[in-house]
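For reference, the structure is listed below as structure tokens.
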Amino acid sequence: MTRDEFLKKFEELLEVPAGSLTYETELEQVSSWDSLNVIGYIALVDETFRREVDPEKIAECRKVGNLIDLAVSA
Amino acid sequence: MAIARVSGINVAGIYGAVPTQVVENASMTSLAPPEELKKLVKSIGIERRHVVQEGQCTSDLAADAAQALLADLGWPADSIDLLIFVSQTGDYQLPATACLLQDRLGLPKSCASFDIGLGCSGYVYGLWVACNLLRSLAGSRALLLVGDTSTSILAPADRTVQFLFGDAASATAIERKADAEDMTFVLGTDGSGAKHLIVPGGAGRDRRGATADEQASRGDGGRGPRDLFMDGPQVFNFTLREVPALVNSVIQEAGLNMESIDKFVFHQANEYLLDYLSRRAKLPADRMVKILRNYGNTSSASIPLAIADALGPDLEAGSVRTLLAGFGVGWSWGSAVVNLAEGTLTRVLEVAPGALTRAA
């Protein structure tokens, strides 16, 4: 799965319009990026890549692109 | 993983007990705005929880469940040779709550009684221990009392835990019976995860909770050293790492397949996790037992409470082969295949505060 494809899935998870997020979007500006969606993100990575993400690394992410990189290249 | 098979033991009844007080998650508007609460309730699948009032202990709930179960089975108190209390919310640091319950229930002095300190995995561990010990005892009956009052160890404004937990206890009556179907157990532990789900202060390692101040200062609703700390994402990861393999392993060890399990009774952590887990482990959704809506996560009591709440009609109609799976705090996990015979008694009681039961 490419970064762009995962970004689409991430937008679906957060229930935001397609194309509304970019790699540069600051997570602080995304109101639906909350503790429930942290779990949702972990599940999405697990389901897509059968891969476990370290929650401490999620906490370090500042931009949407950081989360996408973490998922695709973890 | 530890694997065990137990033969010649039957479960005669499983009763749940919850406090009368009910808290609606939708009413917790001091912790989150209504819209957010709505979304949260939908995700965790928990609408309300039974919550103890001041002075109401796990043992109070367990005692009522035990007395009702013994009465309904017609088992005299002096026929019980073994009492095991599984909880992480006992009456005192010492003595063991099982000793207090032996007296309170009027069980004979010949009754062996002790506590086991486990949470989410505690029911499966307790059942495994009780069944095995019963096989080696001269007597033929055991009482397994399992439960927690987790709401008493939550910081009142800690949003990471407040909406999830409810209080409950359970009583399971166990007897020797030659023709009972074998039970199969698979158990495991990974203590490297201890720090992710913990009450750090107040016990031996940190009596005054000084070092725990560090965690408290993370700022979740004024959590103090004697309050429960839970790292949700870590719990989720642990569950995905261990539970699908655990389920497959116990089915395999029992010599069965997925189709031969009538009901999957998992620790009721929250609905999102249960649904994801069942999808991930390819479990049949229609055979997953879920009682989260009205009870929340009741820690060690969640498996027996789910059986008592949901399986009554099935057990009146015939036997039900269950797959039990408890997982969480420790990290600790256990799974069992247990065939509950037709006529196994089930019931859920509501217990008012202040009514200390004593054997007649």
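Throughout, read-outs are computed from the coordinates displayed, never taken from laboratory work. These numbers were taken from a predicted model, which means no experiment stands behind them. Virtual Cβ from ideal backbone geometry, glycine too; neighbours counted across all protein chains shown.
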Candidates B:Arg241, B:Arg135, B:Arg347; GNM for chain B (alpha-carbon contacts under 10 Å) flags as most fluctuating B:Arg241
What ³J(HN,Hα) values, in whole Hz, does the Karplus curve 6.51 cos²θ - 1.76 cosθ + 1.60 give for region A:16-30 when θ = phi - 60°, with x put for Gly and Pro? 10, x, 4, x, 7, 10, 10, 4, 8, 4, 6, 4, 4, 8, 9
Please compute the net charge surrounding B:Arg49, taking Lys and Arg as +1 and Asp and Glu as -1 over other residues with Cβ under 11 Å from its Cβ. -1
Using Cβ contacts closer than 10 Å as the measure, can you line up A:Arg50, B:Arg287, B:Arg223 from fewest to most? A:Arg50, B:Arg287, B:Arg223
Sort B:Thr160, B:Thr20 by Cβ crowding within 10 Å, fewest neighbours at the top. B:Thr20, B:Thr160
Identify the GluC sites (Glu not before Pro) of region B:18-118 meeting these criteria: DSSP loop state and at most 13 other C-beta atoms within 10 Å of the C-beta. B:Glu54
Can you tell me the dipole magnitude for chain B around its Cα centre, using point charges on the Cβ only (Lys, Arg +1; Asp, Glu -1), in Debye to the nearest 20? 480 debye
Can you tell me the length gained on complete extension of the stretch B:Arg159 to B:Asp72, counting 0.36 nm per residue apart and subtracting the Cα distance? 27.3 nm
For peptide A:37-47, compute the average count of partner chain beta-carbon atoms within 10 Å of each residue's beta-carbon. 4
Exposure proxy check on B:Met183, A:Met1, B:Met28: fewest-to-most Cβ neighbours within 10 Å is A:Met1, B:Met28, B:Met183
Please give the residues of region B:62-97, grouped as numeric ranges, whose backbone N is less than 13 Å from a label point set 7 Å along the Cα-to-Cβ vector of B:Ile198. none
Residue-averaged 222 nm ellipticity for the protein assembly as shown, from DSSP H runs of 4+ at -39500 (n - 2.57), nearest 500: -10000 deg cm²/dmol
For B:Ala168, residues with placed amide H under 5 Å, excluding near neighbours: B:Asp148, B:Ser150
Proximal charge balance of B:Ala32 [Cβ under 15 Å; K/R count +1, D/E count -1]: -3
Count charges around B:Thr20 for me, please; just the other residues with Cβ under 15 Å from its Cβ, Lys/Arg as +1, Asp/Glu as -1. -4
